[in-house]
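**Q** Pasting a structure below so you can have a look.
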Amino acid sequence: MSGFIVRCAGILLTLTVLGLVFESVTPLPSTAVPSGGGLVEVLWGGADFVAEIAAQVGWLILPVVVLWLAIRGLSASAVYVAAVAVGMFVLAGGGIVLKSFLTGTSSQGGSVFSSGSIQLAVSLGVLLLVFLPAVPARGRTWTVVGTVPPVIMFEIMRMLAGAVSFGPQLLGWLIGIAWLGATLAAFRRWQQHAGQRTRWWYGLPVQDRTVLVPASAGNPPLPGGRSSALKLAGIWVLIASGVTGAGFLVTGVDSVRRLDQATVEWLAEHRNETWNALADVAGSFGNTPGIVGVLLVAAPLAVAITRRAAPAVFLLVAAVGETALYLISGMIVRRPRPDVDHLSEGLPPTSSFPSGHVAAAVVTYGGLALLLRAWAESRLRDLGLILAPLIVLGIALSRLYWGVHYPTDTAVGLIFGAVWVSVCWRYFKPARGSPKYATHQTNPVAEPPRLEDREVIDHNDEK
């Protein structure tokens, strides 16, 4: 393994120097934001939002893959991905830092190569190399081809957002592919010494490909199939109708509006630096990058640990359903934000009612607490049921303190988030296969003896 690490270090140094040369001799391209109205403006705003979230949480992908492989016992593959991840981070930011150090100038204006494209190229390549061996031979080509359209679409969205132009994207992809290919060659040479020989388009060499299969095909994520899906969709519609009706109710009653406004104004008048700091800490658990990051880590690791798809699908469907419910009901109710100074930066132009951040926190942290309670075998399994309500409460209070929601907004978010995650738990049954579920199935509650059995027992006792 030492030879593999030395080769990776040499390759990384070479590519870093090349990146520094590009930075030094190539003029920095401009990233003009497209102008226009209507659909163009909407697309630009959506692209900017997606690109910003991806930039904040995308770095989690490779560390999660390392943990996934370690949990499944593939230590050599985990070492490879860890080495590639370290090099990716160095290439994405090290060249710019090195240029600033050597030239004594600030590089805040940008880079001649896109660090986001480097991360995208390396992360996508690693995912394909790691999991291609688990794909049937006939489907490997289509798996690789199927990744091209969404990647192109994402890079176009980044250009629409004005984050980067085509030149830096192309250079970023070239650097990322070069790093990935060189480290793959070094890894294959290391593994060939260990007796494992495979063709490079088969992915990373592994002794047991079945270990890479995420979940067993014999355990469907949604018991009941289409019937359960239709019932789940119907309940979602009912919840959406209830939330929308509650929105019209709280915005149409004068006494409720006055109480909402008075509460928000009182909190705004009593702000100070200490409370501002506490609100920032509590609110960070419920912002969009925080929720997406938690799901990005929790869903794959749930599959790696349980070897079942139901826990991950439960989390993702609950989160997506909550988001859709919040957006649709908000667009219908269209309640303005409170008329106070907002402390939250980058506030999206969405309705104040209901609080999507609070509902997302209930669904995400509440769902994780339920999974931990079902699958953990240690005494820590009850920790989630203690921490989840505290986190959700902190997020709800921070949204009120920041002046971005009324009390009724957060209250409805709490209620519909709890109802929706409970419904998803009921239909997906993500505890199937857990120790607690198996114990419950193998040790049902004993039924009382029948009358004739009692008579036999009494007769034997008399003897």
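Here's the yes/no breakdown for (1) at pLDDT 90 or above; (2) farther than 25 Å from residue 261 by Cβ; (3) in a helix (DSSP H, G or I):
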{"position": "298", "(1), (2), (3)": "yes, yes, yes"}
{"position": "341", "(1), (2), (3)": "no, no, no"}
{"position": "350", "(1), (2), (3)": "no, no, no"}
{"position": "361", "(1), (2), (3)": "yes, no, yes"}
{"position": "392", "(1), (2), (3)": "yes, no, yes"}
{"position": "395", "(1), (2), (3)": "yes, no, yes"}
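**Q** I would also like to ask the following. Which is in contact with a Phe, Trp or Tyr (Cβ under 9 Å, 6 or more places away or on another chain) and part of a loop (DSSP other than H, G, I, E, B), of 271, 308?
**A** Checking each option against the conditions leaves just 271.
**Q** Somewhere in segment 382-399, is a residue under 24 Å from residue 309 (Cβ atoms), in the same structural domain as residue 294 (by TED's automatic domain parsing) and either in contact with a Ser or Thr (Cβ under 8 Å, 6 or more places away or on another chain) or charged (D, E, K, R) (or both)?
**A** no
**Q** Only one residue in 400, 380 is without any contact (Cβ under 8 Å) to a residue 60 or more places away in the chain and touching a Leu at 6+ places or on another chain (Cβ under 9 Å). Which one?
**A** 380
The values are calculated or read from the model by the stated rules, or taken from the named source; none is laboratory data. All values derive from a computational prediction rather than experimental measurement. Using ideal geometry, Cβ is built from the backbone for each residue, glycine included, and neighbour counts are taken over all protein chains shown.
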